[in-house]
Amino acid sequence: MTVLYVLLAIAVLLVLWVIGAFNGLVMLRNRVQEAWSDIEVQLKRRYDLIPNLVETVKGYARHEEGVFTKVTEARVKAMGASGAHDKAIAENMLAGALKSLFAVAENYPELKASQNFLELQRELSDTENKIQAARRFYNGNVRDFNTRIEIFPTNLIANMFRFEKREFFELENEGEKQPVKVQF
């Protein structure tokens, strides 16, 4: 009878451990999803600022149509990208297009003095900082989640319930890891 109680106790402990491991993985997965949502909120804020910035610069630099088109196309691609890898590539393209836009703006002193342009610069700079913070938060959660999936014995539960590793949200080019500079 004692052997039966010991086996029953071991089975109960094993079931409790499986439940705990599963719930821990679900909690981490939800944190990763929440962190990704934070990134998307900040990216949307940036996407909403860009048309105003383009229109402001257009008012001063009407003959720079190619730059405006490039920024608009990069914005559309970034908005349509899904997944951390595709989003990072699209964001790299958008950052490059914005750098071109600000390079054009440097040629127009009256634009650089415009209160509307200065406010948009400040907003964009603030948004870039928030995107960077959200990216760090997301990548930290992804690191924790992926580590939990890979370590023994939790990896057994992760494989059993098909938890999959997540991609980090990283920019491809080392030079692109800095926020878009909008200071003159």
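FYI, it's all coordinate maths here, none of it is from the lab. Remember, it's a predicted structure, so these values are computed and weren't measured experimentally. All Cβ positions, even for glycine, are placed from backbone atoms using ideal geometry, and neighbour counts span all protein chains on display.
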Checklist line | Residue order, fewest to most beta carbons within 10 Å, for 31, 122, 75 | finding: 122, 31, 75
Item checked: Cα centroid separation, region 1-39 to region 102-124 (Å) -> 54
Next item on the list: Would you kindly calculate the mean projected area, averaged across all directions, of the convex hull enclosing the Cα atoms of region 1-84, in square nanometres?
Entry: 6.6
Item checked: Stretch gain in nm, segment residue 118-residue 5, where the contour uses 0.36 nm per residue and the Cα spacing is subtracted -> 33.3 nm
Next item on the list: Kindly put 152, 68 in sequence by how many other C-beta atoms sit within 10 Å of each C-beta, fewest to most.
Entry: 152, 68
Notebook entry, point to check: Just the Cα atoms of region 2-177: what Rg and Dmax do they give in Å?
Noted result: 23.5, 89
Note to self: Within the chain, which whole H helices from DSSP have a Cα span along their axis of at least 20 Å and a mean Kyte-Doolittle hydropathy of -0.5 or more, if any?
What the structure shows: 2-60, 65-80, 84-105
Notebook entry, point to check: Using the alpha carbon gyration tensor of region 70-152, what are the three equivalent-ellipsoid semi-axes (square root of 5 times each eigenvalue), largest first, in whole Å?
Noted result: 34, 15, 8
Item checked: Computed log₁₀ I(q)/I(0) - Debye formula, equal Cα scatterers, no solvent, region 1-48, q 0.13, 0.19, 0.26 Å⁻¹ -> -0.52, -0.70, -0.86
Notebook entry, point to check: If R0 is 30 Å, what FRET efficiency do you get for residue 69 and residue 159 from their C-beta distance, rounded to 0.05?
Noted result: 0.05
